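Below you'll find the structure, written out as structure tokens, and then a few comments.
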Amino acid sequence: MGKTTSSAAIGTGLALRGHKTVIVDFDVGLRNLDLIMGCERRVVYDFVNVIHNDASLGQALIKDKRLENLYVLAASQTRDKDALTQEGVGRVLDDLKKDFEYIICDSPAGIEKGAHLAMYFADIAIVVTNPEVSSVRDSDRILGLLASKSQRAEQGGEPIKEHLLLTRYNPERVAKGEMLSVDDVEEILSIDLLGVIPESQAVLKASNQGIPVILDEQSDAGQAYSDAVERLLGKDVPHRFLDVQKKGFLQRLFGGKE
């Protein structure tokens, strides 16, 4: 569970709250966003087609089946990573700004071209990390790039607003010393904590069904993403799912676990 799951959940959460939102997949070659959003069969034109003027933005945007004001711009599965250009991406984002309140750029893992372009034009960065040393170290590297290689940094503008989203969090494993704690990660990265998403079977289930997990309101993960969206919109919501849950008698009896 990572960046694409989080992009889908946050974009859906913003649309649920009445904000016209588009989620753009920057992961050229892999293209996972449309699978998680459940619209993979409806992809005719993609982000790269629009950049190369093979299709208009209107032809490439896919309207979500569930929410009136949510759209997806899929990545290309067939082109190489260099198919995205800074000038082309900038042009498409400028066009999207005319029509959308929020543009969620789903960055690929690593620091290749797609990731660089996803962060280059950003106003807000949600740094998605797992509570493992290698993941947190990669995120620290991304923070360095956000501070030095973004358009805002180049032009001497206001810094990008950075938020930390910690996923796959398991308090029991933290207690055993198998995972970093929230405090550990905050200390290393020193950015505002937007949300902590607990490790949950609901995430995999939702992904397999092509439904953003935030729509599963019964699951801990869905609720945690919902809380994160509220915080992103400026609300003060207490963090949940940080401590080991004491199991009730029936859960202990049947080994129940979310």
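Of everything in segment 134-146, what is among the hydrophobic types (A, V, I, L, M, F, W, C) and either modelled with pLDDT of 95 or more or open to solvent by less than 40 Å² (accessible area, probe 1.4 Å) (or both)? Give them in sequence order.
Val136, Ile142, Leu143, Leu146 - these are the residues of segment 134-146 that are among the hydrophobic types (A, V, I, L, M, F, W, C) and either modelled with pLDDT of 95 or more or open to solvent by less than 40 Å² (accessible area, probe 1.4 Å) (or both).
Could you look through segment 61-78, keep only residues that are within 22 Å of the chain's Cα centre (by Cα) and open to solvent by 50 Å² or more (accessible area, probe 1.4 Å), and pick out the one that is farthest from Leu33 (Cα to Cα)?
The extreme case among them is Glu68.
Tell me which residues, restricted to segment 79-133, are more than 28 Å from Asn170 (Cβ to Cβ), open to solvent by 50 Å² or more (accessible area, probe 1.4 Å) and part of a helix (DSSP H, G or I).
Once the filter is applied, which keeps residues that are more than 28 Å from Asn170 (Cβ to Cβ), open to solvent by 50 Å² or more (accessible area, probe 1.4 Å) and part of a helix (DSSP H, G or I), segment 79-133 yields Lys81, Asp82, Gln86, Glu87, Arg91, Asp94, Asp95, Lys97, Lys113, His116.
Please go through segment 31-48 and give me each residue that is farther than 14 Å from Lys65 by Cβ and either crowded, with 21+ Cβ neighbours inside 10 Å or in contact with a Pro (Cβ under 7 Å, 6 or more places away or on another chain) (or both), ordered by number.
Those that are farther than 14 Å from Lys65 by Cβ and either crowded, with 21+ Cβ neighbours inside 10 Å or in contact with a Pro (Cβ under 7 Å, 6 or more places away or on another chain) (or both): Asn32, Leu33, Asp46, Phe47, Val48.
Would you check which residues across segment 158-196 are among the basic types (Lys, Arg) and surrounded by fewer than 19 Cβ atoms within 10 Å (Cβ to Cβ) and list them?
Selection gives Lys161, Arg173, Lys176.
Within the set of pairs 6 or more residues apart or between chains, which connect a residue that is within 15 Å of Val92 (Cα to Cα) and of a type in the set (Phe, Trp, Tyr) inside segment 106-123 to a residue that is open to solvent by 60 Å² or more (accessible area, probe 1.4 Å) and not in a helix (DSSP H, G or I) with Cβ atoms less than 8 Å apart?
Tyr120/Lys149
Could you look through segment 223-236, keep only residues that are out of contact with any strand residue (DSSP E or B) (no Cβ under 6 Å at 6 or more places or on another chain) and farther than 13 Å from Arg17 by Cβ, and pick out the one that is surrounded by the most Cβ atoms within 10 Å (Cβ to Cβ)?
Gln223
Out of all the residues in segment 93-104, is one or more among the β-branched types (Val, Ile, Thr) and either touching a strand residue (DSSP E or B) at 6+ places or on another chain (Cβ under 6 Å) or free of Cβ contacts under 8 Å to residues at least 40 places away in the same chain (or both)?
Checked against the condition, which is being among the β-branched types (Val, Ile, Thr) and either touching a strand residue (DSSP E or B) at 6+ places or on another chain (Cβ under 6 Å) or free of Cβ contacts under 8 Å to residues at least 40 places away in the same chain (or both), segment 93-104 yields at least one hit.
Of the conditions (1) among the charged types (D, E, K, R); (2) in contact with a Gly (Cβ under 9 Å, 6 or more places away or on another chain); (3) open to solvent by 40 Å² or more (accessible area, probe 1.4 Å), Arg152 satisfies every one except a single condition; which number is it?
(2)
Going by the structure shown, is Val72 in contact with a Lys or Arg (Cβ under 9 Å, 6 or more places away or on another chain), modelled with pLDDT under 95 and not aromatic (Phe, Trp, Tyr)?
The answer is no for Val72.
Quick one: in segment 28-71, which of the residues that are in a helix (DSSP H, G or I) and among the acidic types (Asp, Glu) is farthest from Ile126 (Cα to Cα)?
Here the answer is Glu40.
So which residues in segment 1-27 are part of a loop (DSSP other than H, G, I, E, B) and open to solvent by 10 Å² or more (accessible area, probe 1.4 Å), if there are any at all?
Met1, Gly2, Arg17, Gly18, His19, Lys20, Asp27
Quick check: is even one residue across segment 139-155 assigned to a strand (DSSP E or B), within 29 Å of Gly18 (Cβ to Cβ) and either of a type in the set (D, E, K, R) or touching a helix residue (DSSP H, G or I) at 6+ places or on another chain (Cβ under 8 Å) (or both)?
Looking through segment 139-155, none of the residues is assigned to a strand (DSSP E or B), within 29 Å of Gly18 (Cβ to Cβ) and either of a type in the set (D, E, K, R) or touching a helix residue (DSSP H, G or I) at 6+ places or on another chain (Cβ under 8 Å) (or both).
So, in segment 219-242, exactly how many residues are more than 15 Å from the chain's Cα centre (by Cα) and either among the basic types (Lys, Arg) or modelled with pLDDT under 95 (or both)?
The qualifying residues number 4.
Take Gly58 and tell me if it is under 13 Å from Val92 (Cβ atoms), over 13 Å from the mean Cα position of the chain (by Cα) and modelled with pLDDT of 95 or more.
In short, yes.
The values are calculated or read from the model by the stated rules, or taken from the named source; none is laboratory data. This is a predicted model, so every value here is computed, not measured. Every residue, glycine as well, gets a Cβ built from its backbone with ideal geometry; the counts of neighbours run over all protein chains shown. With ligands, DNA and RNA removed, areas are computed over all heavy atoms of the protein, side chains included. Shrake-Rupley method; radii C 1.70, N 1.55, O 1.52, S 1.80 Å.
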